[in-house]
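The values are calculated or read from the model by the stated rules, or taken from the named source; none is laboratory data. Here the structure is a predicted model, which is why all the values come from computation and not from measurement. Quick reminder, even Gly has a Cβ in these numbers, built from the backbone with ideal geometry, and neighbours come from all protein chains shown. When the accessible area is computed, the model is the full protein with side chains, heavy atoms only, and any ligands, DNA or RNA have been set aside. Shrake-Rupley method; radii C 1.70, N 1.55, O 1.52, S 1.80 Å.
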Amino acid sequence: MKKTMILALAMMACVLTATAQDVTVLHMKDGTTRRFTNGVKNATQVQFFEYLPHEDKPPVYNTTQHDNGYNYQWDVTQAWHIDGQYNVAVVWEDFLPEGFQPRYGLCFGTQPDLSVEHCDTMKYSVSEDAYWMDEHYSRLHFIFVGQQSPPDFTLEWQGKEGEDGQRFDIIAKRLRNDNHLAISLLPGQTYYYRTFAEGQVEEGGQLKTKVFYGPEKSFRVPRVMADAGYFATPCGTAEAVAAFAAHFPETVKAPTWKEMEGLWNLWLATDEGRQTDLTADITSDTFDDGTGYRLNRIPDAFYTWMSRREVVIDAFDGLTEISLMKNQYGELEPTVSTERVTDVDSIPGGKYIRFKSLFATINTYATYHSTEVVPGIRYRLVVNFAPETLPTATANDSVPTKVDVWALHPDGTEEAELVKKHEVTALQMSTYENGDFLTTDMGLGLKIGTHVQTSEVRNGIFNRIMRIAEIRLTPE
């Protein structure tokens with residue numbers, strides 16, 4: 001690495017003897033001379049300063065994570081990937097004595113061999129009086145590069161921890177807009193950057209600006225499929241999903257691709273799906289993280305299939321939640337026991353879950369969910385309740401119960417009460433049916449809970465035992 005020797009001159013007060021030399025003459029390499037008069041209280045102090053540019057600070061968080069398990073490493077101090085946009089930070093350490101009136105900055109461009117005269121753009125690093133000086137008299141500088149500065153970040157660097165690191169991060173947050181180089185970092189493009197220090201030096205008896213450069217580095221912005229709207233498997237584009245939404249009435253929320261993707265994969269596995277030629281509707285491209293695909297049109301046949309399909313919610317797999325309460329330690333505990341019963345020939349699906357309240361005075365509930373219920377389609381909803389089949393059941397276990405059934409919003413909140421105090425026998429299979437059921441959002445949540453008074457339990461009229469078997473939704 002090239003080293004530059006700089007001569008620094010300063011006057012220092014001291015007491016000289018009367019025999020001190022009257023004049024100090026300095027002969028410069030370029031042939032010029034400098035004369036300094038010495039007096040009784042003045043002497044000439046000559047200092048030599050060797051400028052050696054520091055390397056950029058070692059990377060800290062310079063790896064971005066992407067879909068498909070793909071990670072990309074950047075040759076910068078830190079890198080951010082937020083909503084498909086990229087930002088980087090370069091932190092470096094450099095110091096010129098204050099006598100040089102120093103300024104520090106970053107050259108940036110898409111071509112190598114950067115200098116302040118030959119670069120796409122440059123940015124000076126703004127500092128403040130109490131910026132940072134360590135025991136080696138070096139100073140930290142930083143520049144953010146990206147279309148937008150990171151909205152929430154912690155700028156870190158190796159070598160400083162505790163209060164020193166926190167102090168630098170506080171300063172970085174305060175100065176991030178001043179030290180922001182607003183450039184959109186384009187996928188697939190290679191960018192070059194180079195730090196520099198600019199100071200005032202004397203040459204030939206004239207004060208001139210001299211620039212000292214750090215090492216030139218570069219980074220390439222990754223080209224990943226998710227940023228371009230491609231996926232590892234063909235997925236509907238925003239335009240395709242918007243066009244497909246015409247199948248749904250305006251009174252409901254048309255599903256997103258993510259909400260439909262499970263049904264789409266089921267349809268592709270059917271004879272109809274396998275025989276449908278999607279070649280003209282799928283485009284592909286090659287990216288750093290593999291080959292990406294996108295589906296530009298969703299066939300009408302898919303809607304026909306999904307809107308006519310019977311949805312079955314499994315007694316075991318469809319269960320998503322049971323009632324809980326806080327104990328004396330503030331921890332959540334179930335208020336209901338769950339027992340899975342199989343090999344029951346007398347009920348649809350041949351199995352059920354037996355829910356029994358753990359407390360004599362508490363009603364309980366269970367929540368079932370399906371992602372396959374299509375909004376705007378009228379279904380006949382049937383909840384199958386199994387009879388008591390356990391050989392250990394007591395007479396009290398065989399009395400009926402009463403249940404409430406709610407339809408839930410996708411966020412889990414109760415949307416509509418479908419039935420209240422519906423009586424369920426324990427002696428034979430029974431059902432709750434709703435012949436005019438529809439949802440306004442993709443998917444369905446059902447909350448089924450007991451609604452029995454404590455006096456009814458105490459008198460042996462009803463109990464708080466639910467035996468929920470298969471749930472079916474059949475398009476009408």
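Can you say whether Ser323 is within 15 Å of Val374 (Cβ to Cβ) and hydroxyl-bearing (Ser, Thr, Tyr), as far as the supplied structure shows?
no
Within 14 Å of Ile471 (Cα to Cα) and either surrounded by 12 or more Cβ atoms within 10 Å (Cβ to Cβ) or out of contact with any strand residue (DSSP E or B) (no Cβ under 6 Å at 6 or more places or on another chain) (or both): does that describe Val312?
yes
When you check Tyr379 against the structure, is it hydroxyl-bearing (Ser, Thr, Tyr), at pLDDT 95 or above and in contact with a Ser or Thr (Cβ under 7 Å, 6 or more places away or on another chain), yes or no?
yes
Scan (1) touching a residue at least 12 places away in the same chain (Cβ under 8 Å); (2) open to solvent by less than 70 Å² (accessible area, probe 1.4 Å) for the single condition Arg378 breaks and write down its number.
Looking at each condition in turn, Arg378 falls short on (2).
Looking for something in a strand (DSSP E or B), acidic (Asp, Glu) and free of Cβ contacts under 8 Å to residues at least 60 places away in the same chain - is there at least one such residue anywhere in the range 295-307?
No, there is no match, as no residue in the range 295-307 is in a strand (DSSP E or B), acidic (Asp, Glu) and free of Cβ contacts under 8 Å to residues at least 60 places away in the same chain.
Is at least one residue of the range 181-190 of a type outside the set (D, E, K, R), crowded, with 17+ Cβ neighbours inside 10 Å and at pLDDT below 90?
no
Among the numbered criteria (1) hydroxyl-bearing (Ser, Thr, Tyr); (2) farther than 24 Å from Thr454 by Cα; (3) part of a loop (DSSP other than H, G, I, E, B), which single criterion is violated by Tyr368?
The failed condition is (3).
Six or more apart or on different chains, Cβ under 9 Å: which pairs go from a residue in the range 251-270 that's free of Cβ contacts under 8 Å to residues at least 24 places away in the same chain to one that's open to solvent by 60 Å² or more (accessible area, probe 1.4 Å) and assigned to a helix (DSSP H, G or I)? Could you list them?
Trp257/Ala238; Leu268/Arg274
Could you list all residues from the range 355-397 that are within 25 Å of Glu259 (Cβ to Cβ) and β-branched (Val, Ile, Thr)?
Thr367, Thr371, Val373, Val374, Ile377, Val382, Val383, listed by residue number.
Within the group Thr320, Thr291, Thr251, which residue is part of a loop (DSSP other than H, G, I, E, B), open to solvent by 60 Å² or more (accessible area, probe 1.4 Å) and either of a type outside the set (Gly, Ala, Ser) or under 22 Å from Pro475 (Cβ atoms) (or both)?
Thr251 is the lone residue from the list that is part of a loop (DSSP other than H, G, I, E, B), open to solvent by 60 Å² or more (accessible area, probe 1.4 Å) and either of a type outside the set (Gly, Ala, Ser) or under 22 Å from Pro475 (Cβ atoms) (or both).
Test of understanding: among Ala243, Ala232, which residue is more than 25 Å from Val91 (Cβ to Cβ) and modelled with pLDDT of 95 or more?
Every option except Ala243 fails the conditions.
What strands (runs of 3 or more DSSP E) lie completely within the range 390-476 and have 1 or more residues being surrounded by fewer than 21 Cβ atoms within 10 Å (Cβ to Cβ) and of a type in the set (Val, Ile, Thr)?
Per the criteria, 401-408, 414-424, 430-437, 465-475.
Among the residues in the range 270-284, are any of a type in the set (Asp, Glu), more than 33 Å from the chain's Cα centre (by Cα) and in a loop (DSSP other than H, G, I, E, B)?
Yes - at least one qualifying residue is present in the range 270-284.
Name the residue, out of Gly214, Gly229, Gly236, Gly204, that is touching a strand residue (DSSP E or B) at 6+ places or on another chain (Cβ under 7 Å) and under 30 Å from Met28 (Cα atoms).
Being touching a strand residue (DSSP E or B) at 6+ places or on another chain (Cβ under 7 Å) and under 30 Å from Met28 (Cα atoms) holds for just one of Gly214, Gly229, Gly236, Gly204, which is Gly214.
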